[in-house]
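The values are calculated or read from the model by the stated rules, or taken from the named source; none is laboratory data. Just so it is clear, the model here is predicted, and its values are computed rather than measured. Heads up, the Cβs are rebuilt from the backbone with ideal geometry, glycines too, and the neighbour counts pull from every protein chain shown. Side chains are part of the model used for accessible areas, which takes the heavy atoms of the whole protein and leaves out ligands, DNA and RNA. Shrake-Rupley method; radii C 1.70, N 1.55, O 1.52, S 1.80 Å.
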Amino acid sequence: MHFLVTAGPTREALDPVRYLSNRSSGKMGYALAAAALAAGHHVPLISGPTALPAPPGTTFLPVTSAADMDHAVRAALPTADVALFAAAVADYRPRQVASHKIKKNAPTLSLDLERTPDILGSARAAGFRGLLVGFAAETENLLPNARAKLLRKGCDLLVANDVSQPETGFDHDDNEVTLLFPNAPPRHLPRASKQALAEIIVGVCSQLMVPSPP
Ligand code: CTP
């Protein structure tokens, strides 16, 4: 099968030398790509800027901004069977990108931001009928927020992650997540390496792709 994976942060340019971004390292997405590859799948990996080497064997598609990632995903979705949206896409970008470096002339500076495309949230409207897997990074009300996201974005599986915990989540090698499904009870995966969790998540996706007997 084709397992499309998005990973890493996006960068939203402010001027020629500055950008808005977030703390995503890309580790979870790259671990998912490696696990899907090891399970014998084709893996287009659409990644924002990270310090990680692309897992050999993936079709590596580097992008920078949310708009770039959106274009790359739209091009890859029609051939995907499973789409795992692990990227931490910036939700807002500067409304205008200054063509020259912004100078510090004033004591304060306000940024005017606009929404970026919701890549996961528009996958169903774009015609994707495969297995749609979202990720939710939350710092409060983990399960209610994640469940609302699962339903709002039309996902078959949502991987919920409490990023307020000190030793898991953003930039750590370990993670602790809960898998949420539209019509089945949640499944908690206790703290483990991102590689180990990725293997479980890829296995769950493969099971969900098996047609149930009549
Ligand atoms: N996502 C996306 N495009 C965006 C924002 C998020 O594809 N512009 C995807 C992420 O890859 C992730 C999921 O949506 O799989 C949830 O991301 P998250 O930032 O937790 O949720 P948001 O929809 O941005 O909601 P909020 O920030 O209000 O919690």
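Odds and ends about this structure:
- P(r) histogram, all alpha-carbon pairs of region 112-167 included - 5 Å bins from 0, percent: 4, 18, 24, 20, 17, 11, 4, 1
- Mean projection area, nm², convex hull over Cα of the chain: 13.3 nm²
- Environment charge of ALA34, counting only residues whose C-beta is closer than 11 Å and scoring Lys/Arg +1, Asp/Glu -1: +1
- Over the C-alpha trace of region 110-214, radius of gyration and Dmax come out as 15.1, 59 angstrom.
- Estimated translational D of region 2-61 in µm²/s (Stokes, Kirkwood radius over Cα pairs; 20 °C; 1.002 mPa s): 178 µm²/s
- Cα-based radius of gyration for region 49-117, normalised by 2.2 N^0.38 Å, reads 1.50.
- Cα convex hull volume per residue for region 33-81 (Å³): 70 Å³
- Normalised by the number of residues in the chain, the average gap of Cα pairs under 8 Å and 6 or more apart makes the relative contact order 20 percent.
- Tilt relative to the chain, helix 66-76 - C-alpha long axis, 0 to 90 degrees, to 10: 30 degrees
- For the chain, share of DSSP beta bridges that run antiparallel, in % to the nearest 5: 40 percent
- Principal axis box of region 1-109, alpha-carbon based, largest edge first, Å: 56, 25, 18
- Tilt relative to the chain, helix 142-152 - C-alpha long axis, 0 to 90 degrees, to 10: 90 degrees
- Accessible carbon and sulfur surface of region 104-160 relative to its total accessible area, %, 1.4 Å: 50 percent
- Excluding ligands, DNA and RNA, the accessible surface per residue across the chain is 53 Å² with a 1.4 Å probe.
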